[in-house]
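To keep things clear, I will list the structure first and then write my remarks on it.
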Amino acid sequence: MAALEEGFTLSAVPLGAGPHGLLGVEQSDKADQFLVTDGGRTVILYKVSDQKPLGSWSVKQGQIITCPAVCNFQTGEYIVVHDNKVLRIWSNEDVNLDKVFKATLSAEIYRIHSIQGAEPLVLFKEGAVRGLEALLAEPQQKIETVISDEEVIKWTKIFMVFKHPVLIFITEKHGNYFAYIQKFNSHTLSKYTLVLGQEEKSVIQSFTASVDRKFISLMSLSSDGCIYETLVPIHPSDPEKDQRVVRSLLLKTVVSDDARNGVALTVLDQDHVAVLGPPLPSSKECISIWNTKFQTLQTSKELSQGTSGQLWYYGENLFVLHGKFLMVIPYKCEVSSLAGALGKLKHSQDPGTQTVPHFVNWETSRGHRLGSQNSEQSKRILRRRKTEVNVQNPASKQLLSAIKKDSEKHIEEELCKFLAIKPTPDFNTIIGDIVSELLGRHKAEPSFYPRNSLMQLIQTHVLSHSLCPGLMEAALEKADVQVLQLCLQQFPDIPETVTCACLKIFLSISDGSLQEAEINMESVSDYSDSVQEEKMEEQTEVLHNGFNAEEENCGNCDRELNKKPQDAAEETMSCPVIPKRAALLNAILHSAYSEMFLLPHLKDIPAQHVTLFLQYLYFLYLKCSENATMTLPGLHPPTLNQIMDWICLLLDANFTVVVMIPEAKSLLLSLYKFVKSQICICSELNKIEVSFRELQKLNQEKNNRELYSIEVLEL
């Protein structure tokens, strides 16, 4: 039995836009961290559990990264190749790739392989392999040609066999395929010709492989939609002689034979493979897991945004480019059994995926590969199964039909009927289809904008930005603050560009328009009262705890800043925005972000809006200061950390602009005083820390205490 769990978007920025698409995803020296190499100029280190980037490095304008970055597991450093011949080696502490170690080699590199327990190996386009240390010792050494003219490397992988690395790479020449096995314990290179069956006239689109002690099991997904297996010996009988190995049919028609792009294959364990591609000519792309032992489809998940035909897996995570964003899909594969292959095991199943056994001709066994499955019969089975799903969900079928032609009110009625029905296993998929249909009609008919239906769908808690990126785009076009607020509260994967676009609308929309909108006010409570703007300055003067302010710099700063009329201390500050705008801004404060990707977009916000947002944040800080817990009233108010983080972000991005605005002068002065007061408080706490430590020591020495006593402790 196998299952695909709910996936999530790892990257908040579009990937794969470079000339070579997304080059690769590679394991770092930490199990939860991965290097993602874009086909342009950038390498990003992601931590999957936190769903955020830890670092990003780029080559100079005009340079192009030409193979995936890898981690040297022996040193913890990273290695990348740009412009085919230039090696760059750096560590987490480095910022600029132009200033890190550089080595220019004499031949073009196809791929760098790195694996635990061995030094990185460099595979050149001409088939030669070198260890990294040997190359760095003599970068301009001559690299021999191993493969013949017009022979091109198509795929490569590295394994550890008996604690020694074994490298396999596949080449193609005039439609013929060859496998090369390079062993590094004996330094032998073996060549095999892959013999296609007489019935095969297809092009191989994807390779994957697994290894045991004697053979490499090489699997290939061909343009006819079938998976073939070739057993390649690791230890050939005659290494000097070219040998022939025959491909045999493993699985028939796992993807549509019309699929020319967007297909990929990877082996998960000895009995399961993951396949990327459309199962039928008219269907959308899917990721599926097949049991090769019993030849059954175990589970599948539709990828509505399309893919690039690239698939990686590490541990229990599959990585796939969904649309323009890198998606992580956790999976589970249990020990293969007949009950599991037929879907008869009794345990819970993720409602977001379909686990339906897909039966094939049992005459096509692993041992004999004699029979073949009738593809037309297979298609009829799939069509019948699809019809059965529609019969089980008449409400969804009726709703999707209504969306194409009926009025918004009628669609709302049909949607209510659908949501009232008990959710089926494909509920998440149907919700995504409904949103896609609504947005598709809105795009064709701009006057059609079913806000109420969209809000009901958002509140089902199964949508995300990566699943329906057009939803927030449509709401931004309509300046629909009600839908935008709901999306910010519900979606966990909103890109920073969209967050900033929402912030611009929330700050620029008129008060009159906001009064008409229905805004969720849970995060706003008791903002109508004014607060003492100079409260923290008064607090600074009563917290001197015995030290002489005349002799301290921070005290001098306070006296200089306090040179103003006496009644200034009595000034009050009211909330600079109306409550509904405050609720929208609070939704921004709650949203997740990466500082690295957010800062550039904050610079595009007009200066007067930045000032308004800063005034509101400063008001929230003063409101927090009114109670000992430093919290705001309300059901889901912003926290003090969120407030302070956003103040820092806005000042980092816009300080040089804001400092020139006369209206912002008093606000910046207040923020400056606030920082100085915090420094003074910390300074005083540090002074008395030693005294408290001494008191603690004296206290520990007094062991014979009665129930009540009075003690005089001398410092």
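The values are calculated or read from the model by the stated rules, or taken from the named source; none is laboratory data. Not measured: the values here are computed from a predicted model. Using ideal geometry, Cβ is built from the backbone for each residue, glycine included, and neighbour counts are taken over all protein chains shown. The protein model used for the area step is the full one, side chains on, heavy atoms only, and it has no ligands, DNA or RNA in it. Shrake-Rupley method; radii C 1.70, N 1.55, O 1.52, S 1.80 Å.
Has region 643-662 got any residue that is open to solvent by less than 10 Å² (accessible area, probe 1.4 Å), more than 17 Å from LEU503 (Cβ to Cβ) and either assigned to a helix (DSSP H, G or I) or modelled with pLDDT of 90 or more (or both)? No - not one qualifying residue is present in region 643-662. Condition check for LEU635 on (1) open to solvent by 30 Å² or more (accessible area, probe 1.4 Å); (2) farther than 20 Å from TYR593 by Cβ; (3) in a helix (DSSP H, G or I); (4) aliphatic (A, V, I, L, M): one failure, at (3). When SER190, SER148 are checked against the criterion of being more than 29 Å from SER288 (Cβ to Cβ), more than 31 Å from the chain's Cα centre (by Cα), exposed (fewer than 14 other Cβ atoms within 10 Å of the Cβ) and not aliphatic (A, V, I, L, M), SER148 stands alone in meeting it. Restricting region 278-321 to residues that are under 21 Å from the mean Cα position of the chain (by Cα) and of a type in the set (Gly, Ala, Ser) leaves a set whose member that is surrounded by the most Cβ atoms within 10 Å (Cβ to Cβ) is SER288. Within region 33-47, restricting attention to residues that are in contact with a strand residue (DSSP E or B) (Cβ under 6 Å, 6 or more places away or on another chain) and assigned to a loop (DSSP other than H, G, I, E, B), the residue that is surrounded by the fewest Cβ atoms within 10 Å (Cβ to Cβ) is ARG41. Considering only residues in region 436-458 that are small (Gly, Ala, Ser) and farther than 20 Å from LYS417 by Cα, the one that is surrounded by the fewest Cβ atoms within 10 Å (Cβ to Cβ) turns out to be SER447. For region 222-232, state whether one or more residues are within 14 Å of ILE204 (Cα to Cα), open to solvent by 30 Å² or more (accessible area, probe 1.4 Å) and outside any strand (DSSP E or B). Yes; the residues of region 222-232 include at least one that is within 14 Å of ILE204 (Cα to Cα), open to solvent by 30 Å² or more (accessible area, probe 1.4 Å) and outside any strand (DSSP E or B). For the criterion of being touching a Gly at 6+ places or on another chain (Cβ under 6 Å), under 30 Å from LEU488 (Cβ atoms) and at pLDDT below 80, ASN361 fails. Entry remark, region 577-597: residues being out of contact with any Cys (no Cβ under 7 Å at 6 or more places or on another chain), open to solvent by less than 60 Å² (accessible area, probe 1.4 Å) and not β-branched (Val, Ile, Thr) number 11 in total.
Among the residues of region 208-221, those that are assigned to a strand (DSSP E or B) and either at positive phi or open to solvent by 20 Å² or more (accessible area, probe 1.4 Å) (or both) comprise SER210, VAL211, PHE215. On the basis of being in contact (Cβ under 8 Å) with a residue 12 or more places away in the chain, surrounded by fewer than 21 Cβ atoms within 10 Å (Cβ to Cβ) and more than 14 Å from LEU135 (Cβ to Cβ), does ILE115 make the cut? So ILE115 fits the description; yes.
Region 57-137 holds strands (runs of 3 or more DSSP E) entirely within its bounds, and those carrying 3 or more residues that are of a type outside the set (Ser, Thr, Tyr) and in contact with a helix residue (DSSP H, G or I) (Cβ under 8 Å, 6 or more places away or on another chain) map to 86-90.
You will find that of VAL86, VAL81, the residue that is crowded, with 19+ Cβ neighbours inside 10 Å, modelled with pLDDT of 90 or more and out of contact with any Pro (no Cβ under 7 Å at 6 or more places or on another chain) is VAL81 and no other. Residues that are of a type in the set (Ser, Thr, Tyr), open to solvent by 50 Å² or more (accessible area, probe 1.4 Å) and under 30 Å from the mean Cα position of the chain (by Cα) are absent from region 616-629. Of the residues screened, VAL95 is one that is within 23 Å of LEU45 (Cβ to Cβ), of a type in the set (A, V, I, L, M) and open to solvent by 20 Å² or more (accessible area, probe 1.4 Å). In summary, SER256 fulfils each of the numbered conditions (1) within 22 Å of TYR180 (Cα to Cα); (2) more than 27 Å from the chain's Cα centre (by Cα) with the single exception of condition (1). Which of the residues that make up region 459-482 are crowded, with 22+ Cβ neighbours inside 10 Å and more than 18 Å from the chain's Cα centre (by Cα)? If the condition is that a residue be crowded, with 22+ Cβ neighbours inside 10 Å and more than 18 Å from the chain's Cα centre (by Cα), then LEU471, MET472, ALA475, VAL481 are the ones that fit.
Screening LEU640, LEU622, LEU614 for residues that are without any contact (Cβ under 8 Å) to a residue 40 or more places away in the chain and not charged (D, E, K, R) leaves exactly one candidate, LEU640. The residue of region 422-435 that is surrounded by the fewest Cβ atoms within 10 Å (Cβ to Cβ), among those that are in contact with a Ser or Thr (Cβ under 7 Å, 6 or more places away or on another chain) and among the hydrophobic types (A, V, I, L, M, F, W, C), is ILE430. For region 237-252, a tally of residues being among the hydroxyl-bearing types (Ser, Thr, Tyr) and either modelled with pLDDT under 85 or open to solvent by 60 Å² or more (accessible area, probe 1.4 Å) (or both) returns 1.
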